[in-house]
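**Student:** Take this structure first; my questions come after.
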Amino acid sequence: MTLNERWLLPEGIDELMPEQAAQLEQLRRQLIDRMQSWGYQLVFPPLVEYLDSLLTGTGKTLDLQTFKLTDQLSGRLMGIRADITPQVARIAAHKLRGQDDVLRLCYIGNILHTLPQGQGTSRNPIQMGAEIYGHAGTESDMEIVQLMFDALALSGIEADLLLDLGHVGIYRGLARQANLTAEQEQALFTALQRKALPEIETLLTDYQLSADCHAMLLALAELNGSTAILQKAKTVLAPASDDVQQALNALQTMVNLLEQRLPHLAINIDLAELRGYHYHTGVVFSAYQAGSSQAIAMGGRYDDIGKDFGHAQPATGFSLDLK
């Protein structure tokens, strides 16, 4: 290694120069003030925790993204956080349990990924986010989406924005109705993420499902577009179980609220949008800028997180990379 190479940063790890650092710090302070004005309490979870805690609940999907090390004091395995959301859920379940029926928390902090999440993305983002605990209705999902777009506007990002909206309960309910095994559900899930219609058709044929289940699962890949697609979805998925119908109704309620409160926002419905499928339980959403395939903010409902931490409670939230 040459002398010059010694000072190279690892691939995907970046640093901010004075002008960028000053701009980010000013924005950080503004965002904290704004979230607190909405009634969100600020928390600062630690950079490292025991791995058992970091990978509880939502964190289970973060195993490959988490740097691991041994604690020299206890000998136990620790992890450097790859996402702050599970930490905030732990705080809500244990440290702040019973303080309020509905708890609003926000945070800003560094995280570290073993691999970049997308082409050209940083492995050491600064994650900002907000969570609501203790409220199961669509109204709290709507509040989180409004706060997310308020934060983006404060950051200077408000033109040509698109909200991509889905609900993981639709696929989960159809998979349950079709009696798919865990392996079948995962294989079909993977194909749906790519919207690979020939592969989806082959899998469904191999599974030998009923005609209704086959047709409904096949349709998911093409049930995306403007909010009008929900009417088509209600027709195509008419034979679906009650939990699927409830998920469709929740999406329609969400769209109605969005049209009232964010009337100029472009909305895309995608019933095959299953990001975070293994921990989200309801509405999921992502914000995009026109011409970009990389989400700039994302979130959704994850009601099972409280149970994973020993205190069952509904939860919804969003996060973004401040950098």
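The values are calculated or read from the model by the stated rules, or taken from the named source; none is laboratory data. Note that this is a predicted model, so its numbers are computed, not measured. Cβ sites come from the backbone with ideal geometry, for glycine too, and all protein chains shown count toward neighbours. Accessible surface areas use protein heavy atoms only, side chains included; no ligands, DNA or RNA. Shrake-Rupley method; radii C 1.70, N 1.55, O 1.52, S 1.80 Å.
**Student:** Would you mind finding the one in GLU158, GLU143, GLU139 that is open to solvent by less than 60 Å² (accessible area, probe 1.4 Å) and under 30 Å from ILE111 (Cα atoms)?
**Tutor:** Values: GLU158 fails: open to solvent by less than 60 Å² (accessible area, probe 1.4 Å); GLU139 fails: open to solvent by less than 60 Å² (accessible area, probe 1.4 Å).
Just one listed residue meets the conditions, GLU143.
**Student:** A further question on this structure: Under 7 Å between Cβ atoms, at least 6 apart or on separate chains: pull out the pairs that start in the stretch 291-315 with a residue that is free of Cβ contacts under 8 Å to residues at least 60 places away in the same chain and end on any residue that is surrounded by 12 or more Cβ atoms within 10 Å (Cβ to Cβ) and aromatic (Phe, Trp, Tyr).
**Tutor:** MET298/PHE285; MET298/PHE318
**Student:** Right, next: List the helices (runs of 4 or more DSSP H) that sit entirely inside the stretch 147-232 and contain at least 1 residues that are closer than 24 Å to ALA287 by Cα and of a type outside the set (Ser, Thr, Tyr).
**Tutor:** The helices (runs of 4 or more DSSP H) meeting that bar are 168-177, 182-194, 211-220.
**Student:** Still on this structure, I have one more. Would you confirm whether any residue within the stretch 85-107 is assigned to a loop (DSSP other than H, G, I, E, B), at negative phi and buried (at least 17 other Cβ atoms within 10 Å of the Cβ)?
**Tutor:** No, the stretch 85-107 has no match at all.
**Student:** Something else: Among the residues of the stretch 34-48, how many are part of a helix (DSSP H, G or I) and either of a type in the set (S, T, N, Q) or without any contact (Cβ under 8 Å) to a residue 60 or more places away in the chain (or both)?
**Tutor:** Total satisfying the criteria: 2.
**Student:** From the residues in the stretch 48-84 that are open to solvent by 50 Å² or more (accessible area, probe 1.4 Å) and aliphatic (A, V, I, L, M), which one is nearest to ASN110 (Cα to Cα)?
**Tutor:** Ranking the qualifying residues of the stretch 48-84, first place goes to VAL48.
**Student:** Does ARG6 meet the test of being outside any loop (DSSP other than H, G, I, E, B) and surrounded by 14 or more Cβ atoms within 10 Å (Cβ to Cβ)? It would help to see each step written out before you state the result.
**Tutor:** Details: outside any loop (DSSP other than H, G, I, E, B): yes; surrounded by 14 or more Cβ atoms within 10 Å (Cβ to Cβ): no.
When the stated conditions are applied, ARG6 does not pass them.
**Student:** Looking for whichever is within 15 Å of the chain's Cα centre (by Cα) and assigned to a loop (DSSP other than H, G, I, E, B) here; the options are ALA82, ALA136. Which one fits? Quick ask: steps written out before the conclusion?
**Tutor:** Details: ALA136 fails: within 15 Å of the chain's Cα centre (by Cα).
Answer to the selection: ALA82.
**Student:** Right, something else. Inside the stretch 260-307, can you point out the residues that are closer than 14 Å to ALA247 by Cα and either over 17 Å from the mean Cα position of the chain (by Cα) or polar (S, T, N, Q) (or both)?
**Tutor:** Listed by number, the list holds a single entry, THR281.
To keep it simple, each residue is scored yes or no on (1) farther than 25 Å from GLU185 by Cβ; (2) touching a helix residue (DSSP H, G or I) at 6+ places or on another chain (Cβ under 9 Å); (3) of a type in the set (Val, Ile, Thr).
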{"residue": "LEU251", "(1), (2), (3)": "no, yes, no"}
{"residue": "LEU257", "(1), (2), (3)": "yes, yes, no"}
{"residue": "ARG261", "(1), (2), (3)": "yes, yes, no"}
{"residue": "HIS264", "(1), (2), (3)": "yes, no, no"}
{"residue": "ILE267", "(1), (2), (3)": "yes, yes, yes"}
{"residue": "LEU274", "(1), (2), (3)": "no, yes, no"}
{"residue": "GLY282", "(1), (2), (3)": "no, yes, no"}
{"residue": "ALA287", "(1), (2), (3)": "yes, yes, no"}
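**Student:** Looking only at residues in the stretch 314-323 that are under 23 Å from ASN110 (Cα atoms) and not in a strand (DSSP E or B), which one is modelled with the highest pLDDT? Reasoning before the result, please.
**Tutor:** Step one: list which residues in the stretch 314-323 are under 23 Å from ASN110 (Cα atoms), which gives 315-323.
Imposing the further condition that a residue be not in a strand (DSSP E or B) reduces the set to 322-323.
On the way: LEU322: 93, LYS323: 89.
Among them, the one singled out is LEU322.
**Student:** Then there's this: In the stretch 11-33, which residue that is over 19 Å from MET148 (Cβ atoms) and assigned to a helix (DSSP H, G or I) is most open to solvent (accessible area, probe 1.4 Å)?
**Tutor:** Only one residue tops the list, namely GLU19.
**Student:** If you scan the stretch 25-39, which residues turn out to be farther than 19 Å from LEU103 by Cβ and within 23 Å of the chain's Cα centre (by Cα)?
**Tutor:** Of everything in the stretch 25-39, those that are farther than 19 Å from LEU103 by Cβ and within 23 Å of the chain's Cα centre (by Cα) turn out to be LEU27, ARG28, LEU31.
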